[in-house]
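Engineer: My structure is below; once you've seen it, I'll send some questions.
Read-outs throughout are calculated quantities, based only on the coordinates presented, and are distinct from any laboratory measurement. Predicted, not measured: the structure shown is a model, and the values here were computed from it. Ideal geometry is used to build each Cβ from the backbone, glycine not excepted, and the neighbour counts take in all protein chains shown.
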Amino acid sequence: LSLVYFGFIYGLYALAFFLPTIIKGFQDAAGTKFDVFQTGLITAIPYVPAAIAMYFWSRDASKRGVKTWHIAIPAVVGAVTIPLALYAGSPAATIAVIGLTAMSIFAALPNFWTLPTRFLTGAAAAAGVALINTIGNIAGFSAPYITGAVHDWTGGYQVPMILVGVFMLLSAVLVVSLARRDAKLRATAAVAPQTDAVEENAR
């Protein structure tokens, strides 16, 4: 669970720090200069659809009950779109792709926090959530350093953004793996009382 959260936070901070760099690239490509207010407006664009997606995705999760795909699908979308933003052909296309990334991260995060209570209860839940939050937020500290170091090593943002995608894809894989493990344990727990009853009747 800590690794799942780490992947989402890594993507979130990479998005936050990478977006101003992309906007600077727009300025260089167009030979223009944005003032602080204009830069702020452009930076805010991806977060508008992200807020809408978070509301409706979480609303759907509340109606159906949080399913594995409520978390895994956004993680996969984020894993694909954040490196894809580097290859968009225009500023509008780039912002649109980054908007998808923001939507995926903000759709997944609220639903992720329903997972710990499936595995932990009581005092263990309180300590577990604190530990998950602590380890996951290490990504917020490490993401800028790792991105910068890999950028300096490779001379570009392709590998750093692919690395972000890998972390988010790992989150999706772990969520699916946890769901399957949980289903298997629940099935075993349901069969066990029936088996005991049959053995008791036989005796």
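Engineer: Find the residue count for the range 134-186, including only residues that are among the acidic types (Asp, Glu) and in contact (Cβ under 8 Å) with a residue 24 or more places away in the chain.
Structural biologist: At the first step, the residues of the range 134-186 found to be among the acidic types (Asp, Glu) are 152, 182.
Of the ones still in play, those that are also in contact (Cβ under 8 Å) with a residue 24 or more places away in the chain are 182.
Matching residues across the range 134-186 total 1.
Engineer: Taking the options TYR10, TYR87, name whichever one is surrounded by fewer than 21 Cβ atoms within 10 Å (Cβ to Cβ) and among the hydroxyl-bearing types (Ser, Thr, Tyr). Write out each step before concluding.
Structural biologist: On the way: TYR10 fails: surrounded by fewer than 21 Cβ atoms within 10 Å (Cβ to Cβ).
None of the others qualify; the one that does is TYR87.
Engineer: For the range 60-101, enumerate the residues that are within 21 Å of PRO160 (Cβ to Cβ) and of a type in the set (Val, Ile, Thr).
Structural biologist: Listed by number, the residues that qualify are VAL76, VAL77, VAL80, THR81, ILE82, THR94, ILE95, VAL97, ILE98, THR101.
Engineer: Against the conditions (1) of a type in the set (Ser, Thr, Tyr); (2) exposed (fewer than 11 other Cβ atoms within 10 Å of the Cβ); (3) under 20 Å from LEU84 (Cα atoms), where does TYR157 fall short? Just the number, please.
Structural biologist: The failed condition is (2).
Engineer: Related question: What are the residues in the range 1-48 that are hydroxyl-bearing (Ser, Thr, Tyr) and either more than 16 Å from GLY78 (Cα to Cα) or in a loop (DSSP other than H, G, I, E, B) (or both), if any? Explain how you work it out, then say what you get.
Structural biologist: Here is the first cut: in the range 1-48, the ones hydroxyl-bearing (Ser, Thr, Tyr) are 2, 5, 10, 13, 21, 32, 39, 43, 47.
The answer is SER2, THR21, THR32, THR39, THR43.
Engineer: Answer yes if at least one residue in the range 156-163 is among the aromatic types (Phe, Trp, Tyr) and over 30 Å from GLY31 (Cβ atoms), and no otherwise. Step through it out loud before you land on a result.
Structural biologist: To start, the set of residues in the range 156-163 that are among the aromatic types (Phe, Trp, Tyr) comprises 157.
Next, from what is left, pick out any that are over 30 Å from GLY31 (Cβ atoms): none.
No, every residue in the range 156-163 fails to be among the aromatic types (Phe, Trp, Tyr) and over 30 Å from GLY31 (Cβ atoms).
Residue-wise test of (1) over 26 Å from TYR55 (Cα atoms); (2) more than 16 Å from the chain's Cα centre (by Cα).
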{"position": "PRO91", "(1), (2)": "yes, yes"}
{"position": "THR101", "(1), (2)": "no, no"}
{"position": "PRO116", "(1), (2)": "no, no"}
{"position": "GLY122", "(1), (2)": "yes, yes"}
{"position": "ALA130", "(1), (2)": "no, yes"}
{"position": "ALA139", "(1), (2)": "no, no"}
{"position": "HIS151", "(1), (2)": "yes, yes"}
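Engineer: Here's a check for you: in the range 36-93, which residue that is of a type in the set (A, V, I, L, M, F, W, C) and in contact with a His (Cβ under 8 Å, 6 or more places away or on another chain) is farthest from PHE8 (Cα to Cα)? Lay out the reasoning, then the answer.
Structural biologist: From the range 36-93, those of a type in the set (A, V, I, L, M, F, W, C) are 36-37, 41-42, 44-45, 48, 50-54, 56-57, 61, 66, 69, 71-73, 75-77, 79-80, 82, 84-86, 88, 92-93; that's our starting set.
Checking which are in contact with a His (Cβ under 8 Å, 6 or more places away or on another chain) leaves us with 57, 61.
On the way: TRP57: 16, ALA61: 18 Å.
Looking at the filtered set, the residue picked out is ALA61.
Engineer: So, one more: Look through THR117, THR94, THR101 and report the one residue that is among the hydroxyl-bearing types (Ser, Thr, Tyr), closer than 25 Å to TRP57 by Cα and loosely packed, with under 15 Cβ neighbours inside 10 Å.
Structural biologist: Numbers: THR94 fails: loosely packed, with under 15 Cβ neighbours inside 10 Å; THR101 fails: loosely packed, with under 15 Cβ neighbours inside 10 Å.
When all the criteria are applied, what remains is THR117.
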